[in-house]
Amino acid sequence: MSRGVKVAFISGTSIVNSTLFSSWDARTVETRYGRVRVKSRGEHALINRHGDGFPLPPHSINYRANISALQSLGFEDVVSLNSVGSLKRELPPGTFVSCSDYVCFQQGPVTFFDDELKGGAPGIANNLIPRLVAELAPEFTIETGKVYVQMRGPRFETKAEIRVVKDWGDVIGMTAAHEADLCTEAGLRYNSLALIDNYANGLEGTEIDFVKFKELVKDNQGRVNRLFVRMLEILG
């Protein structure tokens, strides 16, 4: 039998579109950075990174409140699921990846150290990833050790921007670097999972806009639901 783990999940669009968590208990957690809506069942908790109700765009997410809420609830392990674009032809849409490093140049990182001369060492713990990779197989294959490139959003990158950053990493998104920074500062172990929903703008001759992106995310919803079912079984 798998050993249970007290773990918090952070996700976004996939949570909004899923009914898997409709029966979980919901509560509001007050933090010094704002209120956070958290769903929980047993030893597991879930946060929609974009907030409850009208979803906030990536550059307006209250990252500090989200991570502070999980810290205050006593969580030490966090599994994040992010939607990303692919920067590599060999990583097509529909691929699950885990990132072990990241690039975040375009905007300064959100931090808990606004009022002191201190900075946290960056990193992604991925302490649960080996177990998840092993036990999700063969149903799911997860490409590990990838590099996440974070851009500000909320718009997608131009084709010229993609030409500049395509050699910086493997996938591109707008949220994971901030979460990883804050989890490290707060002493939480951050685990990266991401689903590639599209090729980056201009890669493989594709063009991306928000309408197409929402359609791609919807197409992948069934696989995301199944992934969460299996992760909850594994982490018990």
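The values are calculated or read from the model by the stated rules, or taken from the named source; none is laboratory data. Values in this document were obtained by computation on a predicted structure and should not be read as measured data. Backbone-built Cβ (ideal geometry, glycine too); neighbour counts: all protein chains shown.
Could you tell me which residue of the range 140-157 is modelled with the lowest pLDDT, considering only residues that are among the aromatic types (F, W, Y) and part of a loop (DSSP other than H, G, I, E, B)?
Step by step, filter the range 140-157, then rank; the result is F156.
Among the numbered criteria (1) of a type outside the set (K, R); (2) crowded, with 16+ Cβ neighbours inside 10 Å; (3) at pLDDT below 95, which single criterion is violated by T175?
Unmet for T175, out of (1) of a type outside the set (K, R); (2) crowded, with 16+ Cβ neighbours inside 10 Å; (3) at pLDDT below 95: (3).
Looking only at the range 167-193, which residues are assigned to a strand (DSSP E or B) and in contact with a Leu (Cβ under 7 Å, 6 or more places away or on another chain)?
V171, I172, N191, L193
List pairs: first residue in the range 102-119 and touching a residue at least 12 places away in the same chain (Cβ under 8 Å), second residue among the aliphatic types (A, V, I, L, M) and assigned to a loop (DSSP other than H, G, I, E, B) anywhere in the structure, Cβ distance under 9 angstrom, at least six positions apart or on different chains.
Filtered contacts from the range 102-119: Y102/I124; C104/M151; Q106/M151; Q107/M151; V110/I61.
Do you know which residues across the range 5-33 are assigned to a strand (DSSP E or B) and within 20 Å of the chain's Cα centre (by Cα)?
Correct list: V7, A8, F9, I10, S11.
Quick check on my filter: what residues within the range 41-56 are in a strand (DSSP E or B) and in contact (Cβ under 8 Å) with a residue 24 or more places away in the chain?
Hits for the range 41-56 are H44, A45, L46, I47, N48.
State all residues of the range 56-72 that are touching a strand residue (DSSP E or B) at 6+ places or on another chain (Cβ under 8 Å) and surrounded by fewer than 16 Cβ atoms within 10 Å (Cβ to Cβ); if no residue qualifies, say none.
Answer for the range 56-72, where residues must be touching a strand residue (DSSP E or B) at 6+ places or on another chain (Cβ under 8 Å) and surrounded by fewer than 16 Cβ atoms within 10 Å (Cβ to Cβ): just S72.
Quick one: is L20 under 30 Å from K159 (Cα atoms), modelled with pLDDT under 95, of a type in the set (A, V, I, L, M, F, W, C) and out of contact with any strand residue (DSSP E or B) (no Cβ under 7 Å at 6 or more places or on another chain)?
Considered against the rule, which asks whether it is under 30 Å from K159 (Cα atoms), modelled with pLDDT under 95, of a type in the set (A, V, I, L, M, F, W, C) and out of contact with any strand residue (DSSP E or B) (no Cβ under 7 Å at 6 or more places or on another chain), L20 comes out as no.
Could you grab me the full set of residues in the range 57-75 that are on the phi < 0 side of the Ramachandran plot and assigned to a loop (DSSP other than H, G, I, E, B)?
P57, I61, N62, L73, F75
If only one of N201, N225 is polar (S, T, N, Q), farther than 17 Å from V79 by Cβ, modelled with pLDDT under 95 and surrounded by 14 or more Cβ atoms within 10 Å (Cβ to Cβ), which one is it?
Working: N225 fails: farther than 17 Å from V79 by Cβ.
From the options N201, N225, the qualifying one is N201.
Of these, G187, G145, G123, G205, which one is in contact with a helix residue (DSSP H, G or I) (Cβ under 6 Å, 6 or more places away or on another chain) and farther than 23 Å from P57 by Cα?
G123
Hey, among K146, K159, which residue is crowded, with 18+ Cβ neighbours inside 10 Å and either without any contact (Cβ under 8 Å) to a residue 12 or more places away in the chain or among the basic types (K, R) (or both)?
The match here is K146.
Name the residues in the range 149-166 that are of a type in the set (S, T, N, Q) and either in contact with a Leu (Cβ under 7 Å, 6 or more places away or on another chain) or under 22 Å from Y63 (Cα atoms) (or both), would you?
Within the range 149-166, just Q150 meets the criteria.
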